Amino acid sequence: MYRRLLGWSAIITGGSRGIGYAIAKALAREGANLVLVARDLERLREAEKTIEEKYGVQIETVSCDVRDYCCAETAVSRCMSAFGKVDILVNNAGTAVRKPFYTMTKSEIDEILDVNLKGLMYFTLETLRVMMRQRRGIIVNISSGAGKAGIPELSVYSASKAGVNVFTEALARELKGFGIKVYAVCPGGTDTDLHRKLFPEHRPEWLLRPEEVADLVLRLILEGGVEGHCYDIFRLV
Ligand SMILES: NC(=O)c1ccc[n+]([C@@H]2O[C@H](COP(=O)([O-])OP(=O)(O)OC[C@H]3O[C@@H](n4cnc5c(N)ncnc54)[C@H](OP(=O)(O)O)[C@@H]3O)[C@@H](O)[C@H]2O)c1
């Protein structure tokens, strides 16, 4: 089979589980080498072994918290030393707490905004330092349908994802003419650990499979799309 991303390299945050892991498999299937970032080293190593064995690509793992700026620095420098360039960044790591806003704590608010918004900006900034030199690159931000319509009991999460959407739009406009494309993807409920934790009452058949979100990300990378736009994907039940 002709592999359309042979020789490409990608950094995927939150690439050890859920949607990020599905994206990692989709890109590896097309031949891309990967840097996977997450906190839990065991899960990262499992993902690395499975993907390398199945797709014969090179996987680097970086165990760190996207809230620390040095996490982005380490991931980008690992990608450069292993592969010599960064073709793709998928900002996927994310977190949420489901509760009424008036019951939330400061640390819960900080964690959601720091991971979903600031962590994404840190990775984008570090990666852009390389992509601007390359005058080439693709950034895909995994946002959420919650960023388009505020969801009760997910108010901070919704605000973080609305921030991701507007950031994506602004950045895409800023980078026009630099050879760097920026997109967002706004999934609805997807069957992952995060969704099961937030909505234990939801049945799997109501939800997207992570592979469906990954297919959309792959399509954007291969075929392009409207820069700065957030692409919706959801299950109609
Ligand atoms: N599932 C849904 O219904 C849904 C819907 C719309 C959008 N999304 C978005 O899709 C993205 C992925 O969500 P998911 O459902 O796949 O979640 P998940 O199953 O909980 O996986 C999250 C991934 O991110 C990593 N991660 C979380 N916090 C991190 C941190 N501080 N630093 C580094 N890595 C971190 C996790 O690994 P470690 O825990 O080991 O760090 C894991 O690899 C998120 O941005 C989420 O908002 C999800």
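Laboratory data are not the source of any read-out in this text; all were calculated from the coordinates shown. Quantities reported herein were computed from a predicted structural model and do not represent experimental measurements. Positions of Cβ are backbone-derived with ideal geometry, glycine not excepted, and every protein chain shown enters the neighbour counts.
Determine, for M131, M121, M1, M80, the number of other Cβ atoms within 10 Å of each Cβ, and report the residues in order from fewest to most.
Details: M131 25, M121 17, M1 6, M80 14.
Listed from fewest to most nearby Cβ atoms, that is M1, M80, M121, M131.
A prolate overall shape is assigned to segment 1-133, the ratio a/c of its alpha-carbon gyration tensor axes (a ≥ b ≥ c) being 1.5 or greater and a/b exceeding b/c.
A cut-off of 5 Å between modelled amide H atoms, ignoring neighbours fewer than 5 places along the same chain, links F234 with G188.
Loop only per DSSP, at most 13 neighbouring Cβ atoms within 10 Å: give me the trypsin sites (Lys or Arg not before Pro) in segment 99-187, ordered by residue number. Write out the running numbers ahead of the final one.
Numbers: sites: K106, K118, R129, R133, R135, R136, K148, K161, R173, K176, K181; in loops: R135, R136, K148, K176.
Filter output for segment 99-187: R135, K176.
In straight Cα distance, which lysines are under 18 Å from K176, not counting same-chain residues fewer than 8 positions off? Within the straight-line limit of under 18 Å, K176 reaches no lysines at all. Phi angles of segment 31-48 translate, via the Karplus equation with coefficients 6.51, -1.76, 1.60 and θ = phi - 60°, into HN-Hα couplings of x, 6, 7, 10, 10, 9, 10, 6, 7, 7, 5, 4, 5, 4, 5, 4, 4, 4 Hz per residue; Gly and Pro are given as x. Residues in segment 177-185 carry Karplus couplings, in order, of x, 9, x, 10, 10, 10, 9, 10, 10 Hz; the curve used is 6.51 cos²θ - 1.76 cosθ + 1.60 with θ = phi - 60°, and Gly or Pro positions show x. Rounded to the nearest whole Hz, the Karplus-based 3J(HN,Hα) values (6.51 cos²θ - 1.76 cosθ + 1.60, θ = phi - 60°) of segment 75-89 follow the sequence 4, 5, 5, 5, 5, 5, 6, 7, 10, x, 6, 10, 8, 9, 10, with x at glycine and proline. Exposed loop sites here are chymotrypsin sites (Phe, Trp or Tyr not before Pro) in DSSP loop states with at most 16 other C-beta atoms within 10 Å. What is the longest stretch of the chain lacking them? Excluding the exposed sites themselves, the longest stretch runs over 3-177.
Over all projection directions, the Cα-based convex hull of the chain averages an area of 12.5 nm².
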